[in-house]
Amino acid sequence: MNVNKIRCIIIEDEMMAVKLLTNYIGRHDDLQLTATCRNPADYIRGCDRTPCDLLFLDIMMPEMTGVELLQTVTHTCEVIITSASQDYALDCYPLRVIDYLLKPFTFGRFSDAVDAAAETIRLKRNAQELSITQRAHILLKVDRRLVKVKISDIRYVEAAWEYSKIYTADQSLMVLSQIKNLESELGVESFFRIHRSYLVNIEYITYVEGNQVCVGEVKLPISRTVRAALLERLSTM
């Protein structure tokens with residue numbers, strides 16, 4: 001496994017099921033829970049911008065089903081379905097979910113599904129990192145221009161709705177790309193999503209204090225849910 005934990009989001013409207021999944025995720029060494037959404041609408045309103053490698057998704061929920069969510073929203077994370085009914089298994093098949101867990105399920109069954117997802121995520125990360133290490137620069141769309149920027153010069157990225165603002169030592173660029181897309185392009189080897197609105201190059205982190213990260217002379221907020229994962233990451237450098 002990569003030293004970086006698999007970042008998970010739960011989308012589930014039943015509190016008992018949320019508690020069980022939270023417990024299972026906490027017991028699994030490779031997993032890190034980054035967010036919990038009580039329905040697909042909450043996910044669409046904000047959680048889809050939360051760092052995620054693996055989504056635990058219920059089917060029958062208010063306003064929108066899990067299947068409808070997968071058909072509606074573009075996502076890059078792997079998906080494990082958790083449902084009390086087998087009736088939707090065929091509907092999920094073309095959506096390429098990793099596994100379909102039928103409630104109630106044991107920790108062992110949960111772990112089997114996670115192991116399958118972890119292998120897919122590992123291969124995806126390796127391919128991504130190989131691609132990134134083979135190139136020193138990234139092309140960014142700024143206004144009507146494509147600007148070539150050295151990846152190692154990027155200090156941090158700030159979300160701005162459909163745009164992102166990239167900061168280097170001597171300039172800032174407003175880029176037509178969401179922060180989650182830049183996170184995928186830049187990779188997890190050098191960059192860390194400290195907050196839904198900020199992605200930082202860990203090489204430029206000078207210190208962490210309370211709920212803030214200092215990048216050079218700039219202080220940025222860090223989400224409580226990822227603070228421990230960041231400190232663990234920094235300790236391995």
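The values are calculated or read from the model by the stated rules, or taken from the named source; none is laboratory data. Only a predicted model underlies this, so the values are computations on that prediction, with no experimental measurement involved. When we count neighbours, we look across all protein chains shown, and the Cβ atoms used for this are built from the backbone with ideal geometry, even at glycine. Just so you know, the surface numbers come from the protein's heavy atoms only, side chains and all, with ligands and any DNA or RNA stripped out. Shrake-Rupley method; radii C 1.70, N 1.55, O 1.52, S 1.80 Å.
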>> I'm trying to understand the selection: among the residues of region 77-97, which are surrounded by fewer than 12 Cβ atoms within 10 Å (Cβ to Cβ) and either touching a helix residue (DSSP H, G or I) at 6+ places or on another chain (Cβ under 7 Å) or within 24 Å of residue 19 (Cβ to Cβ) (or both)?
In response: 85, 86
>> Can you pull out every residue in region 194-217 that is in contact with a Pro (Cβ under 9 Å, 6 or more places away or on another chain), open to solvent by 10 Å² or more (accessible area, probe 1.4 Å) and modelled with pLDDT of 90 or more?
In response: 195, 197, 198, 211, 212
> Of all residues in region 11-57, which are open to solvent by 10 Å² or more (accessible area, probe 1.4 Å), of a type in the set (Val, Ile, Thr) and within 20 Å of residue 92 (Cα to Cα)?
Replying inline: 44
> Within the set of pairs 6+ apart or on separate chains, which have a first residue in region 224-237 that is under 12 Å from residue 194 (Cα atoms) and part of a helix (DSSP H, G or I), a second that is β-branched (Val, Ile, Thr) and open to solvent by 80 Å² or more (accessible area, probe 1.4 Å), and C-beta atoms under 8 Å apart?
Replying inline: 233/3
> Just checking, which of 203, 158 is under 17 Å from the mean Cα position of the chain (by Cα) and touching a residue at least 24 places away in the same chain (Cβ under 8 Å)?
Replying inline: 158
>> For region 141-170, give me each residue that is out of contact with any Asp or Glu (no Cβ under 6 Å at 6 or more places or on another chain) and in a loop (DSSP other than H, G, I, E, B).
In response: 143, 144, 154, 155, 161, 162, 169, 170
> So which of 127, 136 is in contact with a strand residue (DSSP E or B) (Cβ under 7 Å, 6 or more places away or on another chain), modelled with pLDDT under 80, surrounded by fewer than 16 Cβ atoms within 10 Å (Cβ to Cβ) and not aromatic (Phe, Trp, Tyr)?
Replying inline: 136
> How many residues are part of a helix (DSSP H, G or I), surrounded by 19 or more Cβ atoms within 10 Å (Cβ to Cβ) and touching a helix residue (DSSP H, G or I) at 6+ places or on another chain (Cβ under 8 Å) when one looks only at region 182-193?
Replying inline: 1
